[in-house]
Amino acid sequence: MTINSSAWHTLFINVNLATMTDGANSYGAIENGALAISGSKIAWLGAETSLPPYDEKSVRVIDGNGKWLTPGLVDCHTHIVYGGNRANEFEMRLLGKSYQEIANAGGGIVSTVSATRKASESELLASALPRLTALHQQGVTSIEIKSGYGLDTENEIKMLKVAGQLAEKLPVTIKRTFLGAHALPVEYKDNPDEYVDLVCDEMIPIIAEGKLADAVDVFCESIGFSLVQTERVFAAAQKHHLPIKVHAEQLSNLGATALAAKYNALSSDHIEFLDETGIKAMKDADMTAVLLPGAFYFLRETQLPPMELLRKYQVPMAIATDANPGSSPIHNIQLMLNMACTFFRLTPAEALAGVTCYGAKAIGLANKGQLALGFDADIALWNIEQPAELCYQFGINPLSELFVAGNKAI
Ligand code: DI6
Ligand code: FE
């Protein structure tokens, strides 16, 4: 390959690279390396000793002083667009009220749905922006945002539009997922199948036609949607050429992951109760397992996801915040890296792969999540001496510089 260094505009020298091109096996490390950007892409990377000649006058050279470069981070499962918050419920529970009592008093997901329905687009945008900003300042350059607190056509579309508008506010790639089948809205509480009809026959066609979402998700659970209802939503998504994701086996093992595998889903998320059959199905369908340590922590769960079996079958593991007002009001990707290691016993290399190469895979971003030739130049420079520091501590932000599509963002 000929190297056209005259097209370079930015060059990192004196850096170590965690390329993450080797999955979770190692960091794909290149020590004493260099990396060049041309346009929005990575144009060269390797050992600094093999750096080809370049024109010092036309290239901005950044001396990394031995710091580490990683791909920009990917938060592949969030619900950051919503109205209100549920701090009052958090407090009520700690004062002795049960979840059921709170739900009966109009709390839980239903309360977020009514607050989201009441909020205007600009109010939703204003409340989501600080959440995205917090993540971006920690190195997040790509994020998935789900709908699912509107639960009617107008309000689901409103949420998806706001998720799209966030991309105009910050240099972050946003993938939108339609989660109309998140919970049953109160007006359908006696007719769940009619709500599924609405999701399949009205919402999905409109959303597909308007290109308002990149994927479709379902919360398949006893407190969510049944396997039969879930399959109906998957079939509608497939008919409209939308990829599938699923909230599955979070509280029990219903078999939603294996069902999603039949529809070539991108990912199955949560999966604390997933069994070996489901894991084999994931492997065969090349799915990604999305682990959500924030929800595990906040709900004080005790059932660990089946990490050993996921490793055995080499199912890629992504890590995400699940940022949402009910089960994970957490906007901190560093904390997720730490919790993935402390709670789920992932190695730091596995955890970092979870928010880079495998996070990107979970949302179908083929050109992101790795430092590799021709990949998008979404790059974070970290003030750390070794990659494990990103998982080891949190509370001090080690981000030094951030580039998105070749442009300096931070
Ligand atoms: N699983 C969860 O943990 C959240 N949604 C989902 O499908 C809960 C969302 C909420 O309580 O608002
Ligand atoms: Fe979620």
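Out of curiosity, is Ser267 within 18 Å of the chain's Cα centre (by Cα), within 13 Å of ligand 2 (Cβ to nearest atom) and modelled with pLDDT under 95? It would help to see each step written out before you state the result.
On the way: within 18 Å of the chain's Cα centre (by Cα): yes; within 13 Å of ligand 2 (Cβ to nearest atom): yes; modelled with pLDDT under 95: no.
No.
Ile145 passes every criterion in (1) β-branched (Val, Ile, Thr); (2) open to solvent by 10 Å² or more (accessible area, probe 1.4 Å); (3) within 22 Å of Phe219 (Cα to Cα) apart from (2). For the stretch 294-305, filtering for residues that are in contact with a strand residue (DSSP E or B) (Cβ under 7 Å, 6 or more places away or on another chain) and within 12 Å of ligand 1 (Cβ to nearest atom) leaves 3. Among the residues of the stretch 130-149, those identified as in contact with a strand residue (DSSP E or B) (Cβ under 7 Å, 6 or more places away or on another chain) and within 16 Å of ligand 1 (Cβ to nearest atom) are Glu144, Ile145, Lys146, Ser147, Gly148.
Does Gly374 satisfy being on the phi > 0 side of the Ramachandran plot, of a type in the set (Gly, Ala, Ser), in contact with an Asp or Glu (Cβ under 9 Å, 6 or more places away or on another chain) and surrounded by fewer than 21 Cβ atoms within 10 Å (Cβ to Cβ)?
Details: on the phi > 0 side of the Ramachandran plot: yes; of a type in the set (Gly, Ala, Ser): yes; in contact with an Asp or Glu (Cβ under 9 Å, 6 or more places away or on another chain): no; surrounded by fewer than 21 Cβ atoms within 10 Å (Cβ to Cβ): yes.
So Gly374 fails the test.
Among the residues making up the stretch 314-341, those that are open to solvent by 10 Å² or more (accessible area, probe 1.4 Å), away from ligand 1 (no atom under 16 Å from the Cβ) and over 14 Å from Leu390 (Cβ atoms) are Gln314, Pro316, Met317.
Given the condition on the phi > 0 side of the Ramachandran plot and open to solvent by 20 Å² or more (accessible area, probe 1.4 Å), answer yes or no: does some residue in the stretch 348-355 qualify? Within the stretch 348-355, not a single residue is on the phi > 0 side of the Ramachandran plot and open to solvent by 20 Å² or more (accessible area, probe 1.4 Å). Going residue by residue through the stretch 150-163, is there one that turns out to be surrounded by fewer than 18 Cβ atoms within 10 Å (Cβ to Cβ), within 16 Å of ligand 1 (Cβ to nearest atom) and more than 28 Å from Lys368 (Cβ to Cβ)? There is no residue in the stretch 150-163 that is surrounded by fewer than 18 Cβ atoms within 10 Å (Cβ to Cβ), within 16 Å of ligand 1 (Cβ to nearest atom) and more than 28 Å from Lys368 (Cβ to Cβ). The lone criterion from (1) surrounded by 17 or more Cβ atoms within 10 Å (Cβ to Cβ); (2) more than 16 Å from ligand 1 (Cβ to nearest atom); (3) not polar (S, T, N, Q); (4) not in a helix (DSSP H, G or I) left unmet by Leu125 is number (4). Only residues that are part of a loop (DSSP other than H, G, I, E, B), open to solvent by less than 30 Å² (accessible area, probe 1.4 Å) and within 18 Å of Lys408 (Cα to Cα) were counted in the stretch 377-398, giving 3.
The values are calculated or read from the model by the stated rules, or taken from the named source; none is laboratory data. These numbers come from a predicted model, not from an experiment. Virtual Cβ from ideal backbone geometry, glycine too; neighbours counted across all protein chains shown. Ligands, DNA and RNA are stripped out before the accessible areas are found, and what is left, the full protein with its side chains, is counted by its heavy atoms. Shrake-Rupley method; radii C 1.70, N 1.55, O 1.52, S 1.80 Å.
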